[in-house]
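Colleague: This is the structure, below, for whatever I ask next.
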Amino acid sequence: MGFYRWQQFAAALLAGLLLALVTGCAGSGESRSEAAQAFQAMMESRPTIMNPTNYEAIYPESGVDEPPAIVGGMDGFYERVLANRPPFSLRQGTTGGTVIVLVVSPEGDPTNVMIQESHYPAADESVRSAVLNSSYTPGRHNGETVPVAITLSATTAEYSAPE
């Protein structure tokens, strides 16, 4: 299996594990711990994950009282994407976008950052850079800050204007 195919397989596996966490497999303490361990084992073996971090439990965005938020909102996020976008010649005639999965730490740092879908490979690095260079307010559950998995995306509409 080639490296690109391996990346696709690992991305699908991560998406499945995150889906399992989000859809309730993380309900009880034991299954949450097992799911978290499986997720972390995969994170440790995947070289394209930025800022890998181990957590005892990772909460889904819908499973917390206050989900994480990007400081400056999505407008600020898109400004960071645009600051690092690929040259216009690489963007012409492209459609699609980039979807990134990450875990916002209890301190508000982006961790376990991974490209989940890439419909526009020339832009992947600018989106990943925007995610890593953004500040986040951490998610809260029962009054405590907790690690929360979130998904961010940027489509070619954010890249369409020439320089």
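Colleague: Within region 118-140, track down each residue that is in a strand (DSSP E or B) and within 20 Å of S62 (Cβ to Cβ).
Modeller: Of all residues in region 118-140, those in a strand (DSSP E or B) come to 118, 136-137, 139-140.
Residues satisfying the conditions are Y136, T137, G139, R140.
Colleague: Specify the residue that is surrounded by the most Cβ atoms within 10 Å (Cβ to Cβ); the eligible residues are those in region 132-157 that are β-branched (V, I, T) and either at pLDDT 90 or above or under 11 Å from L102 (Cα atoms) (or both). Lay out the reasoning, then the answer.
Modeller: Taking region 132-157 as the starting set, the residues that turn out to be β-branched (V, I, T) are 137, 145-146, 148, 150-151, 155-156.
Subset that is either at pLDDT 90 or above or under 11 Å from L102 (Cα atoms) (or both): 137, 145-146, 148, 150-151.
Numbers: T137: 14, T145: 18, V146: 22, V148: 26, I150: 20, T151: 14.
That would be V148.
Colleague: Please go through region 69-86 and pick out each residue that is under 21 Å from A122 (Cβ atoms), surrounded by fewer than 17 Cβ atoms within 10 Å (Cβ to Cβ) and aliphatic (A, V, I, L, M).
Modeller: Selection gives L82, A83.
Colleague: Right, here's the next one. With the structure loaded, tell me whether G97 is under 19 Å from G139 (Cβ atoms) and either surrounded by 18 or more Cβ atoms within 10 Å (Cβ to Cβ) or modelled with pLDDT under 80 (or both) or whether it fails that test.
Modeller: So G97 does not fit the description; no.
The values are calculated or read from the model by the stated rules, or taken from the named source; none is laboratory data. Please read all numbers here as calculations on a predicted model, not as lab measurements. Cβ: placed from backbone, ideal geometry, glycine included. Neighbour counts: every protein chain shown.
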